[in-house]
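Below is one structure; the comments refer to it alone.
The values are calculated or read from the model by the stated rules, or taken from the named source; none is laboratory data. The model shown is predicted, which means the values in this text are computed figures rather than measured ones. Every residue, glycine as well, gets a Cβ built from its backbone with ideal geometry; the counts of neighbours run over all protein chains shown.
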Amino acid sequence: MSLIVFHKLLAIFATVAIGWFAGRMRWLGQAGEGTDPARTMGHAAFFIFVPALLFRTTARLDLGAMPWATVVAFFVPVMCTMLAVYAVQRWRRPALPGANLEAGERAAAAPSSRAIAAVFGNSVQVGIPVAAALFGEAGLGIHIALVSLHALVLLSVLTALVELDVARARALHEPTASLWRTLGTTARNTIIHPVVLPVLAGLAWNATGWALPGALDETLQLLGTAVAPLCLVLIGMSLAYSHVGGALGGALAISGLKLLLLPALVLAVAHWGFGLAGLPLQVAVMMAALPTGSNALIFAQRYRSQEAETTTAIVLSTLGFVLTAPLWLAVLARLG
(Lines give C-alpha, C1' and ligand atoms only; values in the text may rest on other atoms or scores of the structure.)
Protein backbone atom coordinates (compact mmCIF):
# COMPACT_ATOMS: atom_id res chain seq x y z
CA MET A 1 0.00 0.00 0.00
CA SER A 2 1.38 3.41 -0.99
CA LEU A 3 2.56 6.04 1.48
CA ILE A 4 -0.24 8.37 0.33
CA VAL A 5 -2.92 5.84 1.23
CA PHE A 6 -1.21 5.08 4.55
CA HIS A 7 -1.19 8.78 5.46
CA LYS A 8 -4.89 9.07 4.58
CA LEU A 9 -5.76 6.11 6.79
CA LEU A 10 -3.63 7.57 9.57
CA ALA A 11 -5.47 10.90 9.26
CA ILE A 12 -8.83 9.10 9.47
CA PHE A 13 -7.83 7.27 12.66
CA ALA A 14 -6.44 10.51 14.13
CA THR A 15 -9.72 12.35 13.45
CA VAL A 16 -11.76 9.50 14.95
CA ALA A 17 -9.45 9.54 17.98
CA ILE A 18 -10.03 13.27 18.42
CA GLY A 19 -13.79 12.64 18.40
CA TRP A 20 -13.37 9.82 20.93
CA PHE A 21 -11.27 12.03 23.20
CA ALA A 22 -13.82 14.85 22.98
CA GLY A 23 -16.54 12.36 23.89
CA ARG A 24 -14.60 10.90 26.81
CA MET A 25 -13.86 14.38 28.13
CA ARG A 26 -17.55 15.30 27.66
CA TRP A 27 -16.55 18.56 25.98
CA LEU A 28 -19.90 18.76 24.21
CA GLY A 29 -21.98 17.61 27.17
CA GLN A 30 -23.01 14.49 29.01
CA ALA A 31 -25.24 11.94 27.28
CA GLY A 32 -28.49 11.39 29.11
CA GLU A 33 -28.89 14.95 30.35
CA GLY A 34 -31.70 15.78 27.97
CA THR A 35 -29.45 15.82 24.91
CA ASP A 36 -27.05 13.37 23.32
CA PRO A 37 -24.13 15.27 21.73
CA ALA A 38 -23.33 12.48 19.26
CA ARG A 39 -26.97 12.32 18.16
CA THR A 40 -27.10 16.10 17.76
CA MET A 41 -24.05 15.97 15.50
CA GLY A 42 -25.61 13.11 13.57
CA HIS A 43 -28.79 15.11 13.04
CA ALA A 44 -26.75 18.09 11.82
CA ALA A 45 -25.04 15.86 9.27
CA PHE A 46 -28.28 14.15 8.21
CA PHE A 47 -30.47 17.24 7.89
CA ILE A 48 -28.00 19.92 6.73
CA PHE A 49 -24.67 18.74 5.35
CA VAL A 50 -25.51 15.43 3.62
CA PRO A 51 -28.57 16.87 1.78
CA ALA A 52 -26.41 19.72 0.46
CA LEU A 53 -23.81 17.23 -0.78
CA LEU A 54 -26.42 14.97 -2.40
CA PHE A 55 -28.26 17.82 -4.15
CA ARG A 56 -25.07 19.33 -5.55
CA THR A 57 -23.73 15.95 -6.69
CA THR A 58 -26.98 15.02 -8.45
CA ALA A 59 -27.52 18.44 -10.01
CA ARG A 60 -23.99 18.42 -11.50
CA LEU A 61 -23.98 14.77 -12.61
CA ASP A 62 -23.02 14.27 -16.27
CA LEU A 63 -25.18 11.26 -17.13
CA GLY A 64 -23.92 11.14 -20.72
CA ALA A 65 -20.30 10.61 -19.65
CA MET A 66 -20.97 7.80 -17.17
CA PRO A 67 -19.16 4.45 -17.78
CA TRP A 68 -22.47 2.59 -17.66
CA ALA A 69 -21.02 -0.90 -18.22
CA THR A 70 -18.85 -0.54 -15.12
CA VAL A 71 -21.69 1.08 -13.16
CA VAL A 72 -24.07 -1.81 -13.88
CA ALA A 73 -21.40 -4.46 -13.25
CA PHE A 74 -20.67 -2.89 -9.85
CA PHE A 75 -24.16 -2.07 -8.61
CA VAL A 76 -25.87 -5.35 -9.57
CA PRO A 77 -23.88 -7.52 -7.10
CA VAL A 78 -23.80 -4.73 -4.49
CA MET A 79 -27.59 -4.28 -4.62
CA CYS A 80 -28.14 -8.05 -4.55
CA THR A 81 -25.89 -8.37 -1.49
CA MET A 82 -27.62 -5.49 0.26
CA LEU A 83 -31.08 -6.91 -0.38
CA ALA A 84 -29.94 -10.41 0.66
CA VAL A 85 -28.59 -9.12 4.00
CA TYR A 86 -31.79 -7.15 4.50
CA ALA A 87 -33.97 -10.19 3.67
CA VAL A 88 -32.04 -12.49 6.03
CA GLN A 89 -32.28 -9.95 8.85
CA ARG A 90 -36.01 -9.46 8.22
CA TRP A 91 -36.49 -13.24 8.36
CA ARG A 92 -34.50 -13.47 11.61
CA ARG A 93 -36.27 -10.42 13.08
CA PRO A 94 -39.96 -10.69 12.17
CA ALA A 95 -42.13 -7.65 12.88
CA LEU A 96 -43.25 -7.72 16.51
CA PRO A 97 -45.09 -5.11 18.59
CA GLY A 98 -42.20 -4.62 21.04
CA ALA A 99 -42.41 -3.22 24.54
CA ASN A 100 -43.48 0.16 23.17
CA LEU A 101 -43.70 1.99 19.88
CA GLU A 102 -40.14 3.36 20.04
CA ALA A 103 -38.68 -0.10 20.72
CA GLY A 104 -40.75 -1.54 17.88
CA GLU A 105 -39.50 1.11 15.45
CA ARG A 106 -35.88 0.49 16.44
CA ALA A 107 -36.26 -3.26 15.92
CA ALA A 108 -37.98 -2.66 12.58
CA ALA A 109 -35.07 -0.51 11.38
CA ALA A 110 -32.38 -3.04 12.34
CA PRO A 111 -32.39 -5.04 9.06
CA SER A 112 -31.81 -1.90 6.99
CA SER A 113 -29.14 -0.61 9.37
CA ARG A 114 -27.19 -3.85 9.09
CA ALA A 115 -27.67 -4.02 5.32
CA ILE A 116 -26.19 -0.57 4.74
CA ALA A 117 -23.25 -1.25 7.06
CA ALA A 118 -22.46 -4.40 5.06
CA VAL A 119 -22.30 -2.70 1.64
CA PHE A 120 -21.79 1.05 2.00
CA GLY A 121 -18.08 1.79 1.56
CA ASN A 122 -15.94 4.73 2.59
CA SER A 123 -15.65 5.81 -1.02
CA VAL A 124 -14.43 9.37 -0.37
CA GLN A 125 -12.06 9.58 2.61
CA VAL A 126 -10.41 6.22 1.81
CA GLY A 127 -11.62 5.43 -1.72
CA ILE A 128 -10.46 8.53 -3.57
CA PRO A 129 -6.82 8.44 -2.35
CA VAL A 130 -6.71 4.66 -2.95
CA ALA A 131 -7.99 5.03 -6.52
CA ALA A 132 -5.67 7.95 -7.26
CA ALA A 133 -2.61 6.23 -5.83
CA LEU A 134 -3.22 2.83 -7.41
CA PHE A 135 -4.85 3.60 -10.75
CA GLY A 136 -3.94 7.17 -11.65
CA GLU A 137 -6.18 9.74 -13.29
CA ALA A 138 -7.98 7.23 -15.53
CA GLY A 139 -8.89 4.98 -12.61
CA LEU A 140 -9.86 7.92 -10.45
CA GLY A 141 -12.33 9.05 -13.13
CA ILE A 142 -14.06 5.65 -13.03
CA HIS A 143 -14.08 5.68 -9.25
CA ILE A 144 -15.64 9.14 -9.12
CA ALA A 145 -18.37 7.97 -11.51
CA LEU A 146 -19.23 5.13 -9.09
CA VAL A 147 -19.06 7.48 -6.10
CA SER A 148 -21.51 9.89 -7.74
CA LEU A 149 -24.21 7.18 -7.68
CA HIS A 150 -23.12 5.33 -4.54
CA ALA A 151 -25.15 7.19 -1.91
CA LEU A 152 -27.94 8.06 -4.33
CA VAL A 153 -28.73 4.43 -5.16
CA LEU A 154 -28.04 2.61 -1.89
CA LEU A 155 -29.47 5.16 0.53
CA SER A 156 -32.57 5.78 -1.56
CA VAL A 157 -33.48 2.08 -1.79
CA LEU A 158 -32.84 1.41 1.89
CA THR A 159 -34.77 4.51 2.91
CA ALA A 160 -37.85 3.15 1.15
CA LEU A 161 -37.41 -0.25 2.84
CA VAL A 162 -36.81 1.11 6.33
CA GLU A 163 -39.73 3.52 6.14
CA LEU A 164 -42.00 0.64 5.11
CA ASP A 165 -40.75 -1.45 8.03
CA VAL A 166 -41.18 1.41 10.50
CA ALA A 167 -44.70 2.01 9.18
CA ARG A 168 -45.51 -1.67 9.77
CA ALA A 169 -44.20 -1.38 13.33
CA ARG A 170 -46.44 1.63 13.95
CA ALA A 171 -49.40 -0.27 12.51
CA LEU A 172 -48.86 -3.06 15.08
CA HIS A 173 -49.39 -0.46 17.82
CA GLU A 174 -52.39 1.01 15.98
CA PRO A 175 -54.57 -1.96 14.99
CA THR A 176 -57.19 0.34 13.49
CA ALA A 177 -54.74 1.85 10.99
CA SER A 178 -55.79 1.10 7.41
CA LEU A 179 -53.53 -0.32 4.70
CA TRP A 180 -53.90 2.85 2.62
CA ARG A 181 -52.94 5.01 5.57
CA THR A 182 -49.83 2.91 6.16
CA LEU A 183 -48.85 3.06 2.49
CA GLY A 184 -49.50 6.80 2.39
CA THR A 185 -47.33 7.40 5.45
CA THR A 186 -44.57 5.26 3.97
CA ALA A 187 -44.65 7.09 0.64
CA ARG A 188 -44.66 10.51 2.29
CA ASN A 189 -41.81 9.67 4.70
CA THR A 190 -39.78 8.12 1.87
CA ILE A 191 -40.05 11.16 -0.40
CA ILE A 192 -39.99 13.95 2.21
CA HIS A 193 -36.71 12.64 3.54
CA PRO A 194 -33.27 14.25 3.99
CA VAL A 195 -31.71 11.71 1.60
CA VAL A 196 -34.34 11.10 -1.06
CA LEU A 197 -35.74 14.63 -1.46
CA PRO A 198 -32.37 16.26 -2.28
CA VAL A 199 -31.71 13.50 -4.82
CA LEU A 200 -35.07 14.04 -6.53
CA ALA A 201 -34.61 17.82 -6.46
CA GLY A 202 -31.10 17.46 -7.87
CA LEU A 203 -32.29 15.20 -10.68
CA ALA A 204 -35.04 17.69 -11.51
CA TRP A 205 -32.48 20.51 -11.67
CA ASN A 206 -30.15 18.32 -13.75
CA ALA A 207 -32.95 17.69 -16.26
CA THR A 208 -33.29 21.43 -16.93
CA GLY A 209 -29.70 21.61 -18.18
CA TRP A 210 -29.07 24.75 -16.13
CA ALA A 211 -25.84 25.30 -14.24
CA LEU A 212 -26.13 25.99 -10.53
CA PRO A 213 -25.86 29.73 -9.76
CA GLY A 214 -22.41 30.60 -8.48
CA ALA A 215 -23.45 31.63 -4.97
CA LEU A 216 -25.67 28.55 -4.53
CA ASP A 217 -22.95 26.23 -5.83
CA GLU A 218 -20.37 27.71 -3.44
CA THR A 219 -22.78 27.41 -0.50
CA LEU A 220 -23.58 23.78 -1.26
CA GLN A 221 -19.92 22.96 -1.77
CA LEU A 222 -19.01 24.57 1.55
CA LEU A 223 -21.70 22.59 3.37
CA GLY A 224 -20.73 19.38 1.58
CA THR A 225 -17.07 19.62 2.59
CA ALA A 226 -18.12 19.42 6.24
CA VAL A 227 -19.55 15.91 5.83
CA ALA A 228 -16.26 13.99 6.00
CA PRO A 229 -14.66 15.56 9.10
CA LEU A 230 -17.98 15.82 10.92
CA CYS A 231 -18.75 12.15 10.36
CA LEU A 232 -15.28 11.00 11.42
CA VAL A 233 -15.51 12.99 14.66
CA LEU A 234 -19.01 11.58 15.12
CA ILE A 235 -17.67 8.01 14.85
CA GLY A 236 -15.17 8.73 17.62
CA MET A 237 -17.80 10.35 19.84
CA SER A 238 -20.17 7.43 19.29
CA LEU A 239 -17.43 5.05 20.43
CA ALA A 240 -16.99 7.12 23.58
CA TYR A 241 -20.69 7.30 24.38
CA SER A 242 -21.68 3.76 23.34
CA HIS A 243 -21.19 0.38 24.99
CA VAL A 244 -19.58 -1.50 22.11
CA GLY A 245 -18.73 -4.74 23.93
CA GLY A 246 -22.02 -6.45 23.07
CA ALA A 247 -21.80 -5.23 19.47
CA LEU A 248 -18.43 -6.82 18.70
CA GLY A 249 -19.77 -10.08 17.24
CA GLY A 250 -22.14 -8.37 14.84
CA ALA A 251 -19.49 -5.81 13.89
CA LEU A 252 -17.01 -8.58 13.05
CA ALA A 253 -19.60 -10.29 10.84
CA ILE A 254 -20.39 -7.02 9.04
CA SER A 255 -16.67 -6.33 8.54
CA GLY A 256 -16.18 -9.78 7.05
CA LEU A 257 -19.07 -9.25 4.65
CA LYS A 258 -17.77 -5.84 3.63
CA LEU A 259 -14.08 -6.63 3.23
CA LEU A 260 -14.22 -10.19 1.88
CA LEU A 261 -17.60 -11.33 0.61
CA LEU A 262 -18.71 -8.17 -1.21
CA PRO A 263 -15.53 -7.67 -3.28
CA ALA A 264 -15.51 -11.39 -4.11
CA LEU A 265 -19.07 -11.14 -5.44
CA VAL A 266 -18.30 -7.96 -7.40
CA LEU A 267 -15.24 -9.65 -8.90
CA ALA A 268 -17.17 -12.75 -9.91
CA VAL A 269 -20.23 -10.98 -11.30
CA ALA A 270 -18.37 -8.14 -13.01
CA HIS A 271 -15.64 -10.31 -14.56
CA TRP A 272 -17.38 -13.55 -15.44
CA GLY A 273 -20.93 -12.23 -15.64
CA PHE A 274 -20.47 -8.88 -17.42
CA GLY A 275 -17.07 -9.47 -19.03
CA LEU A 276 -15.40 -6.56 -17.24
CA ALA A 277 -11.59 -6.62 -17.31
CA GLY A 278 -8.55 -4.41 -16.90
CA LEU A 279 -8.78 -1.04 -15.18
CA PRO A 280 -12.61 -0.90 -14.87
CA LEU A 281 -12.63 -4.29 -13.12
CA GLN A 282 -9.81 -3.28 -10.77
CA VAL A 283 -11.54 -0.04 -9.78
CA ALA A 284 -14.90 -1.76 -9.23
CA VAL A 285 -13.42 -4.51 -7.03
CA MET A 286 -11.37 -2.09 -4.93
CA MET A 287 -14.44 0.13 -4.55
CA ALA A 288 -16.33 -2.89 -3.16
CA ALA A 289 -13.37 -3.77 -0.89
CA LEU A 290 -13.42 -0.41 0.93
CA PRO A 291 -14.27 -0.34 4.67
CA THR A 292 -17.73 0.62 5.89
CA GLY A 293 -18.40 4.33 5.41
CA SER A 294 -19.62 6.88 7.92
CA ASN A 295 -22.97 7.33 6.16
CA ALA A 296 -23.94 3.96 7.63
CA LEU A 297 -23.66 5.46 11.11
CA ILE A 298 -25.70 8.51 10.13
CA PHE A 299 -28.40 6.14 8.83
CA ALA A 300 -28.30 4.09 12.05
CA GLN A 301 -28.54 7.20 14.20
CA ARG A 302 -31.44 8.53 12.16
CA TYR A 303 -33.48 5.44 13.10
CA ARG A 304 -31.78 4.88 16.50
CA SER A 305 -30.97 1.29 15.57
CA GLN A 306 -27.70 -0.72 15.72
CA GLU A 307 -25.63 2.41 16.43
CA ALA A 308 -22.95 0.74 18.56
CA GLU A 309 -22.62 -2.16 16.13
CA THR A 310 -22.31 0.16 13.12
CA THR A 311 -19.74 2.36 14.86
CA THR A 312 -17.64 -0.66 15.80
CA ALA A 313 -17.94 -2.10 12.28
CA ILE A 314 -16.63 1.14 10.77
CA VAL A 315 -13.55 1.09 13.00
CA LEU A 316 -12.88 -2.65 12.62
CA SER A 317 -13.33 -2.66 8.85
CA THR A 318 -11.05 0.36 8.45
CA LEU A 319 -8.36 -1.44 10.45
CA GLY A 320 -8.98 -4.64 8.50
CA PHE A 321 -8.70 -2.84 5.16
CA VAL A 322 -4.96 -2.46 5.76
CA LEU A 323 -4.72 -6.26 5.55
CA THR A 324 -7.37 -7.10 2.95
CA ALA A 325 -6.53 -4.41 0.35
CA PRO A 326 -3.18 -6.04 -0.57
CA LEU A 327 -5.00 -9.39 -0.84
CA TRP A 328 -7.42 -8.06 -3.44
CA LEU A 329 -4.68 -6.27 -5.33
CA ALA A 330 -2.80 -9.59 -5.55
CA VAL A 331 -5.93 -11.38 -6.83
CA LEU A 332 -6.50 -8.68 -9.47
CA ALA A 333 -2.82 -8.86 -10.53
CA ARG A 334 -3.19 -12.60 -11.21
CA LEU A 335 -6.19 -11.92 -13.44
CA GLY A 336 -4.08 -9.48 -15.44
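Laid out as a table, the results:
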{"item": "Test: Leu257 is at pLDDT 90 or above, more than 19 Å from Leu232 (Cα to Cα) and crowded, with 24+ Cβ neighbours inside 10 Å", "result": "no"}
{"item": "Flag for Ser123 being within 21 Å of Cys231 (Cα to Cα), surrounded by fewer than 24 Cβ atoms within 10 Å (Cβ to Cβ) and not charged (D, E, K, R)", "result": "yes"}
{"item": "Tabulated pairs, the stretch 13-36, first assigned to a loop (DSSP other than H, G, I, E, B), second of a type outside the set (Lys, Arg) and modelled with pLDDT of 85 or more, C-beta under 7 angstrom, 6+ apart or interchain", "result": "Leu28/Ala22"}
{"item": "Residue among Ser156, Ser112 that is part of a helix (DSSP H, G or I), under 18 Å from Val72 (Cα atoms) and among the polar types (S, T, N, Q)", "result": "Ser156"}
{"item": "Residue match in the stretch 208-219 (condition: within 30 Å of Arg60 (Cα to Cα) and hydroxyl-bearing (Ser, Thr, Tyr))", "result": "yes"}
{"item": "Test: residue in the stretch 200-216 that is in a helix (DSSP H, G or I), of a type outside the set (Val, Ile, Thr), modelled with pLDDT under 75 and within 24 Å of Gly293 (Cβ to Cβ)", "result": "no"}
{"item": "Residue match in the stretch 153-174 (condition: at pLDDT below 70, in contact with a helix residue (DSSP H, G or I) (Cβ under 9 Å, 6 or more places away or on another chain), farther than 21 Å from Gln301 by Cβ and of a type in the set (A, V, I, L, M))", "result": "no"}
{"item": "The stretch 255-288, subset part of a loop (DSSP other than H, G, I, E, B) and without any contact (Cβ under 8 Å) to a residue 60 or more places away in the chain, residue farthest from Pro77 (Cα to Cα)", "result": "Ala277"}
{"item": "Residue pairs meeting the criteria (Cβ under 6 Å; at least 6 apart or on separate chains; first of a type in the set (S, T, N, Q), in the stretch 323-336; second surrounded by 19 or more Cβ atoms within 10 Å (Cβ to Cβ) and part of a helix (DSSP H, G or I))", "result": "Thr324/Leu259"}
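A quick yes/no check of all residues on (1) out of contact with any helix residue (DSSP H, G or I) (no Cβ under 6 Å at 6 or more places or on another chain); (2) surrounded by fewer than 20 Cβ atoms within 10 Å (Cβ to Cβ); (3) modelled with pLDDT of 90 or more; (4) within 30 Å of Gly104 (Cβ to Cβ):
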position: Val285; (1), (2), (3), (4): no, no, yes, no
position: Thr292; (1), (2), (3), (4): no, no, yes, yes
position: Ile298; (1), (2), (3), (4): no, no, no, yes
position: Glu307; (1), (2), (3), (4): no, no, no, yes
position: Thr310; (1), (2), (3), (4): no, no, yes, yes
position: Ser317; (1), (2), (3), (4): no, no, yes, yes
position: Val331; (1), (2), (3), (4): yes, yes, yes, no
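Yes/no matrix, rows are residues, columns are (1) surrounded by fewer than 21 Cβ atoms within 10 Å (Cβ to Cβ); (2) touching a strand residue (DSSP E or B) at 6+ places or on another chain (Cβ under 9 Å); (3) at pLDDT 85 or above:
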| site | (1), (2), (3) |
| --- | --- |
| Ala226 | yes, no, yes |
| Val233 | no, no, yes |
| Val244 | yes, no, no |
| Ala247 | yes, no, no |
| Leu252 | yes, no, yes |
| Leu262 | no, yes, yes |
